[in-house]
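Just so you know, all these numbers are worked out from the coordinates, no wet-lab data involved. Predicted model, so just to flag it, every value in this text is computed and none were measured. All Cβ positions, even for glycine, are placed from backbone atoms using ideal geometry, and neighbour counts span all protein chains on display.
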There are 2 protein chains.
Amino acid sequence: MISKNNIKLIRSLELKKFRLAENLFLAEGNKLVTDILESALEVEFLFATEAYLESAGALAGRAKSIVTCSHAEIRKASLLKNPQQCLALCRIPAYTPTEAQLFSQLVLCLDNIQDPGNLGTIMRTADWFGISDIVCSVDSADLFNPKAVQATMGAICRVRVHYRDLTAYLEEANQRQTPVFGAFLDGENIYQTQLADTGIVVLGNEGRGIGPELTPLISHKIHIPAFSPPGQKVESLNISVAAAVICSEFRGRSARRQ
Amino acid sequence: MISKNNIKLIRSLELKKFRLAENLFLAEGNKLVTDILESALEVEFLFATEAYLESAGALAGRAKSIVTCSHAEIRKASLLKNPQQCLALCRIPAYTPTEAQLFSQLVLCLDNIQDPGNLGTIMRTADWFGISDIVCSVDSADLFNPKAVQATMGAICRVRVHYRDLTAYLEEANQRQTPVFGAFLDGENIYQTQLADTGIVVLGNEGRGIGPELTPLISHKIHIPAFSPPGQKVESLNISVAAAVICSEFRGRSARRQ
């Protein structure tokens with residue numbers, strides 16, 4: 001049975017201040033929770049129906065504490081519209097990225113991304129394209145926001161997100177001559193730009209783009225051109241769609257060469 | 001002032017049966033409503049604050065009926081978390097696509113797409129990549145669902161969505177020798193596949209992919225390969241992300257050739 005206090009704890013994790021106070025985040029749904037149990041993430045509490053526990057078998061034993069409960073109780077505690085058979089409260093991991101992780105591979109860098117769903121979707125896309133580290137400005141959405149966690153669809157087990165002062169990070173990249181790409185409206189057509197196999201790709205906020213304080217630190221301005229008929233108004237790409245097109249373009253180059 | 005009956009009408013448009021009964025859909029937010037007023041779509045009712053009407057100027061006159069109201073009233077009627085200064089009720093357009101639109105340009109075809117937000121995001125992406133027509137199976141999400149409308153960010157003014165029996169549509173494509181591409185896990189690496197400038201690209205449902213009844217009608221199976229380290233588990237791409245990568249790959253080919 002899920003106690004009233006536990007329901008309160010679970011639901012409190014929607015807010016960052018409670019996540020920080022408890023050092024916990026919430027993950028929901030059979031697939032995501034199973035992915036987490038199979039990963040290196042630590043599960044403090046697993047709230048699950050008997051049916052889920054049976055299907056998970058020995059894997060459930062990775063949780064430090066298991067509470068068997070009914071689906072009705074899961075529904076009461078859940079933040080989802082369509083709750084499934086389990087909820088997990090997981091320890092927030094502390095990653096200390098190596099210099100190689102930050103500067104010597106392909107890294108996505110997000111300046112002030114606001115929507116947790118976009119952040120989670122970008123993590124899922126990064127996972128697909130073999131990008132293991134994302135650097136976010138400190139004012140970006142929190143990857144442990146339940147909406148971000150759910151949108152990762154399990155990529156949260158594999159993709160690490162680091163929050164950093166981006167000015168200092170990109171200055172160091174410049175000193176190390178790590179190429180810094182950035183998406184700008186006046187950038188070079190990405191389909192006709194020479195891309196590197198490693199480097200940092202900066203994407204800006206959903207509304208205002210990359211902040212002016214970072215612009216001088218970008219060594220390669222790139223742009224996804226619109227293909228709409230000449231003269232026709234066209235809006236913009238969703239940030240997670242732009243991230244996907246850019247990841248595909250970077251990774252696709254080497255695939256095309258083979 | 002927005003009457004109680006109008007608030008009821010506005011909020012009822014969240015459900016398809018009321019949209020069909022009224023032949024209206026809801027659009028919210030200053031930018032989207034302005035885009036619609038500038039387009040060929042018909043606005044039956046515009047509910048807006050004085051501030052919005054002042055900024056819209058003569059454009060507001062395109063609405064058949066204008067109701068000036070307070071922001072508090074907009075908030076009461078709105079389906080959004082952060083309502084803005086206006087709401088519009090628009091006539092659902094009836095498009096009759098030409099044969100050229102269906103068979104002689106690049107067309108996206110969605111089999112049983114479920115999430116209205118994904119559909120709206122795909123329309124926005126299509127708009128960017130100069131794809132003006134999308135064909136959906138009849139069991140797909142409704143593009144006039146308010147969540148889809150909002151996610152289009154204005155692309156609803158330019159991109160037409162047609163609901164069709166996909167078996168009949170793709171059979172006709174086969175008869176006309178229009179290439180039919182489809183995204184499959186066992187498809188050919190898209191980066192190494194010859195793509196056409198025109199043709200139909202079929203994307204499957206979020207969970208199960210393309211239905212087995214359509215598979216024999218696909219002439220070119222394609223696949224976006226994962227770039228994750230060998231042996232590492234990787235989930236899948238979000239459907240709107242996959243659509244973006246595929247659109248980029250089709251359109252990027254011609255851009256690279258220049």
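Observations on the model:
- Cα shape, region A:1-128, gyration tensor, a/c 1.5 rule: prolate
- Figure legend: label point modelled 7 angstrom from the Cα of residue B:23 along Cα→Cβ; residues of region B:142-177 with amide N under 19 Å from it are B:143-145, B:161-163.
- Compactness of region A:39-99 was expressed as the Cα radius of gyration divided by 2.2 N^0.38 Å, which yields 1.29.
- Summarising the amide proton neighbourhood of residue B:153: residues at separation of 5 or more, or on other chains, whose placed amide H is nearer than 5 Å comprise an empty set.
- Other protein chain Cβ atoms within 10 Å, averaged over every residue that makes up A:125-136: 4
- Distances between placed amide hydrogens fall under 5 Å for residue B:218 paired with no residue 5 or more residues away or on another chain.
- Distance between region B:222-258 and region A:165-211 - C-alpha centres, whole angstrom: 21
- Expressed per residue, the C-alpha convex hull volume of chain A stands at 153 Å³.
- Protection proxy ranking of B:222-231, B:154-163 - average other beta-carbon atoms within 10 Å, highest first: B:154-163, B:222-231
- Label point distance in nm, residue A:14-residue A:76, each placed 7 Å from Cα along Cα→Cβ: 1.7
- Electrostatic tally near residue B:183: other residues with Cβ closer than 14 Å to its Cβ, Lys and Arg +1, Asp and Glu -1, net -3.
- The distance between label points at residue B:51 and residue A:98 comes to 5.3 nm (points 7 Å beyond Cα on the Cα→Cβ vector).
- Whether region A:138-258 is rounded, prolate or oblate, judged on the alpha carbon gyration tensor where a/c under 1.5 counts as rounded: rounded
- Chain B: relative contact order as a whole-number percent, Cα under 8 Å and 6+ apart: 18
- The sum of -39500 (n - 2.57) across all DSSP H runs of n ≥ 4, divided by the residue count of chain B, sets its helix-only mean residue ellipticity at 222 nm to -10000 deg cm²/dmol.
- DSSP bridge orientation in the protein assembly as shown - percent antiparallel, rounded to nearest 5: 30
- Its alpha carbons considered, region B:114-160 gives a radius of gyration followed by a Dmax of 9.4, 26 Å.
- Distances in nm from residue B:5 to the matching label points in the other copies, shortest first (labels 7 Å along Cα to Cβ): 5.6
- Rounded, prolate or oblate (a/c below 1.5 giving rounded, otherwise prolate when a/b exceeds b/c) for region B:217-258 by Cα gyration tensor: prolate
- Derived scalar couplings ³J(HN,Hα) [region A:50-60; Karplus, 6.51 cos²θ - 1.76 cosθ + 1.60; whole Hz; x for Gly, Pro]: 4, 4, 5, 4, 5, 5, 6, x, 4, 4, 4
- Residue of chain B nearest the B-to-A rotation axis [by Cβ], rounded angstrom distance: B:244, 2
- Size descriptor, Kirkwood hydrodynamic radius, that averages inverse alpha-carbon separations across the protein assembly as shown, Å: 24.5
- In this rough spin-label picture, where each label sits 7 Å from Cα along the Cβ direction, the residue B:232-residue B:40 distance is 4.8 nm.
- Under 5 Å, built H, 5+ apart or other chain: amide partners of residue A:211: A:205
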